[in-house]
Amino acid sequence: MRAFAAMVHREFIEHRGAFLVGPLILVAVLFGATILAFTVGRVDARFSGAMFTVAPLRVYEVGFLAFGTGWSLYLISTLFFYSADGFAADKRNNAMLFWKSMPVSDFKVLLSKLAAAMTILPGVVYGVALLSGVLLFGVAFATTMINGTGSVGFLGQIAVIYGQVALAILAVVVCGLLWYMPFIALVGAIATVVGRWAIPIAALLPAIASTLEWVTLGGFHPFATHTWRFLENRLALPDTPYAEAWLTSAEPFNGWTFALDLIAGIDWVQVGIGAVFAVVVIWVASEYRRRVNDN
């Protein structure tokens with residue numbers, strides 16, 4: 001277990017630029033730009049503070065939710081690039097020779113990469129998202145203090161909103177990772193064979209499978225098949241009726257209701273099938289890697 005944890009930690013060390021350093025630099029640039037905008041008079045702090053007091057709950061909620069959505073999209077896209085790079089990194093830098101000298105199987109090495117993609121790497125980005133929310137709320141509260149409308153009680157309301165939205169973002173990240181795990185594993189498995197070209201090849205596979213179905217079984221066109229419709233449904237994260245209803249209401253955002261609504265809307269049978277598929281393709285990739293290395 002220690003060796004497995006060490007391999008997961010190694011993935012973080014090797015890819016912390018994309019999952020920690022880069023996001024922190026982005027947050028620092030955005031925060032610095034915001035402070036500079038207030039400092040040089042590009043933004044009127046008194047006017048901004050007045051705007052925040054018109055509908056403070058909605059401003060804070062929508063702002064942090066927008067940040068969370070942006071970081072979630074960043075995380076998913078970065079994980080696919082990580083899979084294409086991380087699963088092929090050992091071949092490029094000859095690290096496989098080192099792992100071959102240890103009692104660690106190829107399956108365990110590749111499984112540690114998938115585990116890193118599902119745990120520590122998303123956890124770091126989630127932490128940065130929480131930090132960006134703190135900075136966002138700090139700037140917003142500062143504007144209300146300058147305007148003369150801020151108070152300790154108002155800060156307490158902000159803290160409650162922060163907790164609710166942070167819970168919702170966590171639910172989206174966890175459910176999204178479980179939902180997209182088979183695709184992340186598939187890209188990683190392909191990367192053990194073709195390296196960084198895994199992403200375009202993985203994107204072509206659905207089109208090839210749909211075209212083969214169209215040729216053999218018929219249909220209007222290659223993208224009007226059962227395969228394509230299944231992939232469209234499988235690639236789309238389930239919608240949450242609560243989120244749509246909240247946007248048109250004046251009610252404060254409730255993270256628990258959102259999370260439960262999201263969990264209830266997910267096809268957990270598909271999640272289970274996807275988890276089994278992910279383990280299988282990782283095992284197949286490990287067998288290919290073992291046989292290629294042995295030869």
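The set of residues from the stretch 69-85 being of a type in the set (A, V, I, L, M, F, W, C) and free of Cβ contacts under 8 Å to residues at least 60 places away in the same chain comprises just one member, Leu73.
Here Ala207 passes the criteria (1) more than 24 Å from the chain's Cα centre (by Cα); (2) farther than 30 Å from Arg289 by Cβ except the one numbered (2). Hey, can you tell me all the residues within the stretch 240-295 that are in a helix (DSSP H, G or I), small (Gly, Ala, Ser) and in contact with a helix residue (DSSP H, G or I) (Cβ under 9 Å, 6 or more places away or on another chain)? Ala243, Gly255, Ala259, Gly274, Ala275, Ala278, Ala285, Ser286, listed by residue number. Take the conditions modelled with pLDDT of 70 or more and either part of a helix (DSSP H, G or I) or surrounded by 14 or more Cβ atoms within 10 Å (Cβ to Cβ) (or both) and apply them to Gly49. Does it pass? Taking the combined requirement at face value, the residue does not satisfy it. Among the residues of the stretch 33-41, not a single one is in contact with a Leu (Cβ under 7 Å, 6 or more places away or on another chain) and modelled with pLDDT under 85. None of Ile199, Ile169 is surrounded by fewer than 20 Cβ atoms within 10 Å (Cβ to Cβ), within 17 Å of the chain's Cα centre (by Cα), more than 18 Å from Ala275 (Cα to Cα) and in contact (Cβ under 8 Å) with a residue 40 or more places away in the chain except Ile199.
For the stretch 52-102, give me the residue count where each residue is outside any helix (DSSP H, G or I) and either at pLDDT 85 or above or at negative phi (or both).
Number of matching residues: 3.
Listed by first and then second residue, the pairs with beta-carbon distance under 6 Å, at least 6 apart or on different chains, first residue in the stretch 20-31 and over 13 Å from Leu130 (Cβ atoms), second at pLDDT 90 or above, are Leu20/Val124.
The values are calculated or read from the model by the stated rules, or taken from the named source; none is laboratory data. As the structure is a computational prediction, the values presented were derived from the model and not from experiment. Note that each Cβ is placed from the backbone with ideal geometry, even for glycine, and that neighbours are counted across all protein chains shown.
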